[in-house]
Amino acid sequence: MERCGLTVALAVEDIERWSAVKDAAYEVDPVMECWLAPLHSGDHASLVQSSLTPGRDWWALWETGSPYRIVLLPRCTVETGIDIVDGEPLTCGLYGCHGGEHS
Ligand SMILES: [Zn+2]
Ligand SMILES: [Zn+2]
């Protein structure tokens, strides 16, 4: 899917803090790139980190030209198709009530 792609750089303290989350799923990327569809409404958003918190992830949200904030948000559960391998429904994977199209 095409993405908005606007970027924001994370502060060193935040990279360290979110890298140190218990049971962290990812290495924190120093430059966050917006995951939402082009021309989306609302804040820009990029996934920062996931851990064992079921169905929830840490997202950086920001308005163009403004500082970001990092918040724990429930996952968007809208089904976007069927997995061709196992026949299970695919879900969007962004956060609930995000702007723009589902991924
Ligand atoms: Zn964006
Ligand atoms: Zn969605």
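Once you charge only the Cβ atoms, +1 for Lys and Arg and -1 for Asp and Glu, what is the size of the charge dipole of the chain about its Cα centre, to the nearest 20 debye?
Working: 6 positive and 16 negative charges, 60 e Å.
Dipole magnitude for the chain comes out near 280 debye.
Computed from the C-beta positions of VAL31 and GLU88 and an R0 of 30 Å, the FRET efficiency is 0.40 to the nearest 0.05. For the chain, CYS97 stand unpaired, since no other cysteine beta carbon lies under 4.7 Å from theirs.
Short to long, the 5 Å bins of the Cα pair-distance histogram for the chain hold 2, 13, 22, 23, 20, 13, 5, 2, 0 percent of all pairs.
Would you calculate a helix-derived [θ] at 222 nm for the chain, using -39,500 (n - 2.57) for each DSSP H run of n ≥ 4 and dividing by the full residue count, to the nearest 500?
It comes out at -2000 deg cm²/dmol, rounded to the nearest 500.
Read the figures in this text as sums done on the coordinates, not as results from a lab. Being a predicted model, the structure only gives us computed values, none of them experimental. Cβ atoms come from the backbone with ideal geometry, glycine included; neighbour counts cover every protein chain shown.
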